[in-house]
1. Expressed in whole Å with the largest first, what are the equivalent ellipsoid semi-axes of the chain derived from the C-alpha gyration tensor as the square root of 5 times each eigenvalue?
2. Students often check this: by mean Cβ neighbours within 10 Å, which of 12-18, 207-213 ranks highest, and how do the rest follow?
3. Separation of the range 147-225 and the range 45-70 by C-alpha centroid, Å?
4. Helix 134-154 against the longest principal axis of the chain: what's the angle in degrees, Cα atoms only, rounded to the nearest 10?
5. Could you pull out the pairs from Lys55/Lys117; Lys226/Lys326; Lys61/Lys226; Lys45/Lys114 whose alpha carbons sit more than 24 Å apart here?
6. Where the convex hull is taken over the Cα atoms of the range 6-156, what is its projected area averaged over directions, in nm²?
7. Positive end of the charge dipole of the chain (Lys, Arg +1 and Asp, Glu -1 on Cβ, about the Cα centre): tell me which of Phe224, Ile43, Ala195 has its Cα farthest that way.
8. Rounded to the nearest 0.05, what FRET efficiency do Gln56 and Gln248 give with R0 = 51 Å and r taken as the Cβ-Cβ distance? Could you check?
Amino acid sequence: MEENYEKILWEGYGLRFFGGNRIRTGYLCKTDKEIVEIRKVNIEKNHILFEHELKQHLIKKGFCHISTFLITKENLPYYVLDKDCYVAERPLETQPLDEEEKQTFIIGAKTLSKLHKSAKGLQSKQGYFSGEKRLEKYEKRRIELLKIKKRIEKQSSYTPLDLLIKQNFEYYIEKIEQAKELFHQAQYCDIMQKATIEKTVCHNAFKGENIQQDTNGVIFVTGFGKCSYDSTVVDLALYLRRLLKKQQCDIQTAEKMLCAYEQEMPLSKQDKILLLALLSYPEKFLSLCNEYYNKRRVCISPAMIERMQLCIASIKENEKLLSWLKTI
């Protein structure tokens, strides 16, 4: 394996390999010039190019505290070895913000707004709009849930997962319908058209270990591998879900998050309705249903049941958050 890293470094970047060790995110290499982390990536080359273009755009706009790709001799942000793509980065001397602290989410929301403001206007032929087929996907999941319910009712006996679906079906189908109406009220197609014109970008994984801090208190953002063109409200909704997961329904912190975010990125009435729609839609529940029922799994693991139970247990807290959002 080390022979591969030696080849990648020398042929791709003109660096001599002096050994290294495996870390959770990749392979940390000592070279004749600097320490380099190499990662094998399982995404399309055009998406790597889009991520690279986004990072360069952010730096030009003053959002500089991010990890960037080293460029190969061929002036590319990746190197191909045996049909596999690898990227190389300088490792950051940072630690993830502690999500057990409420202040983390306020700092995160402020950072997210600056990221969104700086990313706006990126012109890239490599990027794609992840929101264009969102409503189609959501309608497909609604139909899938109805089919799952019928399939369960035809069975002579029920699994623990079947029972959880039956007991909570009415609640979740109602949330789907509520979200559908809210997307209509928000004029979702107009929002997507605006995102297309303004070229707004979502990080799509703004949480946990991707929000880092160095010893001087400077915040860095990493993990851009899922970035795409989209309404920035999608990122904000995902981050509020993260708050719900880590701090339950802390309305006071949620208010501070929204205030911090709007200092850079004010939300219109349409944006707020979209935020409510995204948080009303039971994405996690439907994702878990799809993971088991539509992939025809033979057995149900205890972990799967636990994940579904945790999802259902969050209903009360999620409703508190939705009730608050209706008042803003």
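Here, each number is a calculation from the coordinates, and none is a lab measurement. Quantities reported herein were computed from a predicted structural model and do not represent experimental measurements. Using ideal geometry, Cβ is built from the backbone for each residue, glycine included, and neighbour counts are taken over all protein chains shown.
1. On the way: eigenvalues 275, 130, 77 Å².
Here the semi-axes work out to 37, 26, 20 Å.
2. On the way: 12-18: 16.3, 207-213: 18.7.
By packing density, highest mean first, the sequence is 207-213, 12-18.
3. The range 147-225 and the range 45-70 have Cα centres spaced 26 Å from each other.
4. 50
5. Numbers: Lys55/Lys117 13 Å; Lys226/Lys326 30 Å; Lys61/Lys226 21 Å; Lys45/Lys114 27 Å.
Listed pairs above 24 Å: Lys226/Lys326; Lys45/Lys114.
6. Details: hull surface 59.6 nm².
Value for the range 6-156: 14.9 nm².
7. My answer, from the dipole projection, is Ala195.
8. Numbers: r = 39 Å, r/R0 = 0.76.
It comes to 0.85.
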